Every structure is written in structure tokens, then in C-alpha cells.
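The values are calculated or read from the model by the stated rules, or taken from the named source; none is laboratory data. Worth saying up front: this structure is predicted, and the values here are computed from it rather than measured. To get the accessible areas, we keep the full protein, side chains included, count just its heavy atoms, and leave off ligands, DNA and RNA. Shrake-Rupley method; radii C 1.70, N 1.55, O 1.52, S 1.80 Å.
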Amino acid sequence: MNRRAFTGALAGLAASVPGRPADPARRTRYYVLETYQLKNGTQAARMNDWFSQSLLPKLTQIQAAPPIVLEALLGPRVQQIMLVAGYSSLNEIETTHSKLKSDQELAAARQKLDQSAEPPFEGQINTLLEAMDFSPELIAEKRDQPRVFEMRTYHSPTDSQLRLLRNRLGGPSQVVFR
């Protein structure tokens, strides 16, 4: 199991950007996690500006569920920012990404982000996750104080062990923290 702690310092950004109201009948089936690895310097501030002023406003306009942005607490020398976006279908992921790619304002903002002596980030890892039937909907909330989240990643070498893990996590003994 891998464990990472994240603070929700940016989590309120998505909720604070005016967008479409969430559809209560919508069910998130997939999550896209975009993890940006940063180094000390100007990258964190530039990426925060990129998310808050460019990407999140556009993404919130075209996506049904608000994205959540988290900053990692891995140590003083290892910085990460993670964007978590939920989708109801694989088609919704493709449609959203196509709209973002064709947006001229966003392209200009991205070009500005890229024009610096230092790259905007050191590396990017995109992960597609399928939600389990018992997965709660993610809700972005604007808060005065940052919250701390822990992300756990479980690995299973066999289907039978994966089924046992799903039963343990999603069964009647499941605990939900709010």
C-alpha cells in the first residue's frame, strides 16, 4: 500500500469558480488523477496561478462535477500538485479533453505558462481509475482552513484478493469520514 498526504489548500478553488450546478442523478464512474511533480523554485506558484486563473475556470464550465486540486505534503524537497476530476463515462473524459484542447484562451494561457526559464513542472503522471460501486461522490467545498487528506493505493496480485479487498472496503463495516 502506498500512502500520501495531501492538503486541500487549492481544493476550494474549484468550488469557488462559478460553473454548472452538479447533477444529483449523475454517477461518477471514472476518475482522472493528474499528478504534477515540482521542484523548489517558482513552479508551485506558477502552477497554482495556472490552475486558479486558467484551467479550473474552463474545466468547471464544461464538466458536470467540479475538479479538486490538492497539494502534496511529501517533504520539504518533494512537491506535488494533484488534480482529481470525476467523470460519468469514458466518452465524457474524451469530450472534456477535446474541449480543453480547442479552447483558444486556455491555449494562450498554457503557452504563457510554458514561456519561462524554468519549466512549469518536472513531470506529470496521469492515472485513470474506475470507481467502485460504493465510492462516494467527490464534492469540492470552499473552506476557510485547509484540510488534510490521505490517499491510499492498494495493490492486489490476484482477482480473488482484489474481490476480498473490495468486500472489506465496501462492505457493511465501511467507515466514512466527513
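Values for this structure:
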item	result
Difference of contour (0.36 nm per residue) and Cα-Cα distance, ALA117 to GLU94	5.1 nm
Computed lengthening from LEU128 to ARG166, 0.36 nm per intervening residue step minus Cα-Cα distance	11.9 nm
18 Å Cα-Cα threshold exceeded, pairs from LYS58/LYS99; LYS39/LYS99; LYS58/LYS112	LYS39/LYS99
Heavy atoms of MET132: accessible area, 1.4 Å probe, square angstrom to 10	50
